[in-house]
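> Sharing a structure, written as structure tokens. Questions coming.
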Amino acid sequence: YFQGFRVDLPIKSARYRGQYSSYPIKLFYTSNIPIILQSALVSNIYFLSQILSSKFAGNIFVNLIGTWGESGYQRYPTGGLCYYLSPPETISHIITDPIHAIIYIAFMLGSCAFLSKTWIDVN
């Protein structure tokens with residue numbers, strides 16, 4: 001809804017007397033598309049990391065991408081890049097591991113800002 005808003009900037013011609021026109025400027029609103037794209041990016045990184053971790057468990061490069069633990073049927077990141085791209089689960093996790101929270105927040109804000117700018121340029 002807000003993406004359709006625009007402001008008409010009035011322009012007066014210097015060459016032709018009395019000629020007025022307007023230049024529409026779209027407002028900077030990108031809806032929730034950057035969040036969806038960022039979520040898809042992280043999901044693909046998780047998926048790739050889980051596949052590589054199950055096939056090449058001891059490889060140092062695979063461990064840099066992510067190591068995974070299991071709790072019943074659910075897998076969760078325990079180390080590597082995927083751990084830092086995952087959100088902290090509780091306030092106590094934020095207090096015990098503030099670096100994880102800071103990296104996660106910086107990645108979320110940075111990637112969403114980049115994807116938002118890209119979405120504006122493409123649209």
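The values are calculated or read from the model by the stated rules, or taken from the named source; none is laboratory data. Just so we're clear, the structure is a prediction, and the values are computed from it rather than from any experiment. Please note: Cβ atoms are built from the backbone with ideal geometry, for glycine as well, and neighbour counts cover all protein chains shown. Each accessible area value is taken on the protein alone, full model and side chains, heavy atoms only, with ligands, DNA and RNA left out. Shrake-Rupley method; radii C 1.70, N 1.55, O 1.52, S 1.80 Å.
> Between exposed trypsin sites (Lys or Arg not before Pro) in the chain, where DSSP calls loop and at most 11 other Cβ atoms lie within 10 Å, what's the longest gap?
Free of exposed loop sites, the longest segment is 18-123.
> What are the ³J(HN,Hα) couplings of the stretch 54-66, residue after residue, when phi is run through the Karplus curve with 6.51, -1.76, 1.60 and θ = phi - 60°? Round to Hz, x for glycine and proline.
Ordered by residue, 3J(HN,Hα) equals 6, 8, 10, 4, x, 5, 5, 6, 5, 5, 5, 6, x Hz.
> Relative to the longest principal axis of the chain, what angle (0 to 90°, nearest 10) does the C-alpha long axis of helix 98-122 take?
The answer is roughly 40 degrees.
> Using a Gaussian network model on the chain with a 10 Å cutoff between Cα atoms, which of GLN74, GLN38, GLN19 fluctuates the most?
GLN19
> If you count only protein heavy atoms with a 1.4 Å probe, what accessible area per residue comes out for the chain, rounded to a whole Å²?
For the chain, the per-residue accessible area is 76 Å².
> As an exercise, use a Förster radius of 35 Å and the Cβ-Cβ distance of SER13 and MET108 to find the FRET efficiency, rounded to the nearest 0.05.
0.15
> Let me spell out the model: positive unit charges on the Cβ of Lys and Arg, negative unit charges on the Cβ of Asp and Glu, origin at the Cα centre of the chain. What dipole size does that give, in debye rounded to 20?
800
> Now, a different point. Positive end of the charge dipole of the chain (Lys, Arg +1 and Asp, Glu -1 on Cβ, about the Cα centre): tell me which of TYR104, GLY80, THR118 has its Cα farthest that way.
The Cα lying farthest towards the positive end belongs to THR118.
> If eta is 1.306 mPa s and T is 10 °C, what Stokes-Einstein diffusion coefficient results for the chain, Kirkwood Rh from Cα pairs, in µm²/s?
88
> Of all accessible surface on the chain at a 1.4 Å probe, what whole percent is carbon and sulfur? Don't skip to the answer; put the middle values down first.
On the way: 6120 of 9400 Å².
The nonpolar share, carbon plus sulfur, comes to 65 percent.
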